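Trainee: After the structure tokens below, expect a handful of questions from me.
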Amino acid sequence: MHSPNRPQPKPGIMDIAAYVPGRESAPGAAKVWKLSSNETPLGPSPAALEAVQAASGHLEAYPDGAAARLREAIAEVHGLNPGNILCSNGSDELLGLLAQTYLKPGDEGIFTEHGFLVYRIQILAAGATPVVVKEKDERADVDAILAAMTERTRIVFLANPNNPTGTYLPVEEVRRLHAGLPGHVLLVLDAAYAEYVRRNDYEAGIELVSSFENVVMTRTFSKIYGLAGLRIGWMYAPAHVVDAVNRVRGPFNVNALAIAAGAAAIRDRAHVERAAAHNEAWRAWLNEELTKLGLRVTPSIGNFLLVHFPQNGGKTAEDADAFLVARGFVLRRVTAYGFPNALRMSVGTEEANRGVVAALSKFLNG
Ligand SMILES: *Cc1c(COP(=O)(O)O)cnc(C)c1O
């Protein structure tokens, strides 16, 4: 025990394993391809960069605390009421705000076995108890989630598609999950990769949020929009949830450059389309080439692939990671997500994608 005579974090805080972001360096490599954080190889829309330039002339001024321009742009593009949109400093901030707003000590928050690690962190930070539910075939299992519900459950976090697996629940499954939740339990649909999805049976959550009082959908500008460095997230939620979270958030949680860039980026639909098309083509190619190398690849609908390695023979994920990093290819170790023997690879530029496949071919056959 440390001296009681110094400030002590409240219960739960020291149970948090701090989030470890994807690495960005490859010591010794001449060139680095960062494929560890699901960033877009296309970068942001040129319109977003122009908007940042323009906004950077007024950094002495506080931003609009309501982020009205950004909310209006999002509402316009998605056909939503801006009053049901709340913006944040990355969607990670929203996950925390939702946990703080709806969880108290003794409450339980549910997420799945291979779900996004931020859920656990935010549930613990709110002083509540994380409940981890088993997945089935690397996919969220609705029956198992419903079976894990108790009278203490207050929130269910579901990434759809999930990171790091890239798997998803079709809309009918999400509806079945929602139908099994009592009205006082908040269902958070984290749709960080929704813009990449091209499936008829997928819905990010807009329909559910519009129809029910206990569903919210979170989105981000960090992935397809290429603005991770500016930190922009948003949620679409019932008015009573927006009202509650508005009381908890910082008054200027979205900065001026983010408001300007986000509004411009979301209106550049051609750029989004290019990014999605690049992703479709190269994800399919990577899937095929990696499978041909004898590696198992979890079927993904996102902008990344979870690649599984042999257990031994010097060909483990750890070995592959070292081999790739030495050649400048930085992928993501996913041990903390329950995959000690897999790497997650973001779909990159043609050069990066071809480079990884060539390097892995050498690694496996060398
Ligand atoms: C990347 C990601 C986010 C987005 O985080 P930001 O804070 O908006 O950058 C949210 N959820 C999941 C599952 C992600 O993979």
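Trainee: Give me the residue from region 210-234 that is open to solvent by less than 60 Å² (accessible area, probe 1.4 Å) and more than 26 Å from ALA48 (Cβ to Cβ) and, out of that set, farthest from the ligand (Cβ to nearest atom).
Mentor: So, considering only residues that are open to solvent by less than 60 Å² (accessible area, probe 1.4 Å) and more than 26 Å from ALA48 (Cβ to Cβ), the one farthest from the ligand (Cβ to nearest atom) is ASN214.
Trainee: For region 12-26, does any single residue satisfy the condition of being open to solvent by less than 40 Å² (accessible area, probe 1.4 Å), touching a helix residue (DSSP H, G or I) at 6+ places or on another chain (Cβ under 9 Å) and within 16 Å of the ligand (Cβ to nearest atom)?
Mentor: No, that holds for no residue.
A quick yes/no check of all residues on (1) over 27 Å from TYR337 (Cβ atoms); (2) of a type outside the set (Asp, Glu); (3) touching a residue at least 24 places away in the same chain (Cβ under 8 Å); (4) not assigned by TED's automatic domain parsing to the domain that holds ARG154:
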site	(1), (2), (3), (4)
GLN53	yes, yes, no, no
PRO63	yes, yes, yes, no
ARG71	yes, yes, yes, no
ASN81	yes, yes, no, no
THR101	no, yes, yes, no
LEU124	no, yes, yes, no
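Trainee: Here is a list: ALA191, ALA179, ALA237, ALA244. Which entry is open to solvent by less than 20 Å² (accessible area, probe 1.4 Å) and either over 27 Å from PHE339 (Cβ atoms) or charged (D, E, K, R) (or both)?
Mentor: From the options ALA191, ALA179, ALA237, ALA244, the qualifying one is ALA237.
Trainee: Looking at the structure I just gave you, is VAL118 more than 16 Å from the ligand (Cβ to nearest atom) and either closer than 20 Å to SER300 by Cβ or not in a loop (DSSP other than H, G, I, E, B) (or both)? Reasoning before the result, please.
Mentor: Working: more than 16 Å from the ligand (Cβ to nearest atom): no; either closer than 20 Å to SER300 by Cβ or not in a loop (DSSP other than H, G, I, E, B) (or both): yes.
Criteria not met by VAL118.
Trainee: Of (1) open to solvent by 60 Å² or more (accessible area, probe 1.4 Å); (2) of a type outside the set (Lys, Arg); (3) within 23 Å of ALA275 (Cα to Cα), TYR62 satisfies all except one. Which?
Mentor: Unmet for TYR62, out of (1) open to solvent by 60 Å² or more (accessible area, probe 1.4 Å); (2) of a type outside the set (Lys, Arg); (3) within 23 Å of ALA275 (Cα to Cα): (3).
Trainee: Determine, yes or no, whether GLU172 is within 15 Å of the ligand (Cβ to nearest atom), modelled with pLDDT of 95 or more and among the acidic types (Asp, Glu). Reasoning before the result, please.
Mentor: Values: within 15 Å of the ligand (Cβ to nearest atom): no; modelled with pLDDT of 95 or more: yes; among the acidic types (Asp, Glu): yes.
Spelling it out, it is not the case that GLU172 is within 15 Å of the ligand (Cβ to nearest atom), modelled with pLDDT of 95 or more and among the acidic types (Asp, Glu).
Trainee: So ALA228 fits all but one of (1) without any contact (Cβ under 8 Å) to a residue 40 or more places away in the chain; (2) within 20 Å of the chain's Cα centre (by Cα); what number is the exception?
Mentor: Evaluating ALA228 over (1) without any contact (Cβ under 8 Å) to a residue 40 or more places away in the chain; (2) within 20 Å of the chain's Cα centre (by Cα) leaves (1) as the failure.
Trainee: I need a count of the residues in region 50-71 that are farther than 10 Å from ALA256 by Cβ and within 23 Å of the chain's Cα centre (by Cα).
Mentor: Residues that pass the stated criteria total 2.
Trainee: Name the one entry in PHE339, PHE309, PHE329, PHE304 that is open to solvent by 10 Å² or more (accessible area, probe 1.4 Å), closer than 18 Å to PRO161 by Cα, aromatic (Phe, Trp, Tyr) and not assigned by TED's automatic domain parsing to the domain that holds TYR168.
Mentor: On the way: PHE309 fails: closer than 18 Å to PRO161 by Cα; PHE329 fails: closer than 18 Å to PRO161 by Cα; PHE304 fails: open to solvent by 10 Å² or more (accessible area, probe 1.4 Å).
Testing whether each residue is open to solvent by 10 Å² or more (accessible area, probe 1.4 Å), closer than 18 Å to PRO161 by Cα, aromatic (Phe, Trp, Tyr) and not assigned by TED's automatic domain parsing to the domain that holds TYR168 leaves just PHE339.
Trainee: Let me ask something else. What about ALA55, is it closer than 25 Å to ALA265 by Cβ, surrounded by 12 or more Cβ atoms within 10 Å (Cβ to Cβ) and within 16 Å of the ligand (Cβ to nearest atom)?
Mentor: no
Trainee: Continuing with the same structure: Kindly indicate whether any position in region 188-209 is assigned to a strand (DSSP E or B), over 13 Å from the mean Cα position of the chain (by Cα) and either within 16 Å of the ligand (Cβ to nearest atom) or aliphatic (A, V, I, L, M) (or both).
Mentor: Looking for residues that are assigned to a strand (DSSP E or B), over 13 Å from the mean Cα position of the chain (by Cα) and either within 16 Å of the ligand (Cβ to nearest atom) or aliphatic (A, V, I, L, M) (or both), one finds none in region 188-209, hence no.
Trainee: A further question follows. Among the candidates LEU42, LEU70, LEU86, LEU80, single out the residue that is within 28 Å of ALA275 (Cβ to Cβ) and assigned to a helix (DSSP H, G or I).
Mentor: Sole residue among the options that is within 28 Å of ALA275 (Cβ to Cβ) and assigned to a helix (DSSP H, G or I): LEU70.
Trainee: Among ALA317, ALA264, which is the only one that is surrounded by 17 or more Cβ atoms within 10 Å (Cβ to Cβ), in the same structural domain as PRO161 (by TED's automatic domain parsing) and either under 30 Å from ALA73 (Cβ atoms) or modelled with pLDDT of 95 or more (or both)? Lay out the reasoning, then the answer.
Mentor: On the way: ALA317 fails: in the same structural domain as PRO161 (by TED's automatic domain parsing).
Testing whether each residue is surrounded by 17 or more Cβ atoms within 10 Å (Cβ to Cβ), in the same structural domain as PRO161 (by TED's automatic domain parsing) and either under 30 Å from ALA73 (Cβ atoms) or modelled with pLDDT of 95 or more (or both) leaves just ALA264.
Trainee: Among what's in region 284-301 and is part of a loop (DSSP other than H, G, I, E, B) and aliphatic (A, V, I, L, M), pick the residue that is surrounded by the fewest Cβ atoms within 10 Å (Cβ to Cβ).
Mentor: That would be LEU293.
Trainee: Determine which single condition ALA29 fails, assuming it passes every other condition in (1) part of a loop (DSSP other than H, G, I, E, B); (2) away from the ligand (no atom under 16 Å from the Cβ); (3) within 30 Å of GLY12 (Cβ to Cβ).
Mentor: (3)
The values are calculated or read from the model by the stated rules, or taken from the named source; none is laboratory data. If you're wondering where the values come from, they're calculated on a predicted model, not measured in any experiment. Neighbour counts are summed over all protein chains in view; Cβ atoms, including those assigned to glycine, are modelled from backbone coordinates with ideal geometry. In case anyone asks, the SASA skips ligands and DNA or RNA and just uses the protein heavy atoms, side chains included. Shrake-Rupley method; radii C 1.70, N 1.55, O 1.52, S 1.80 Å.
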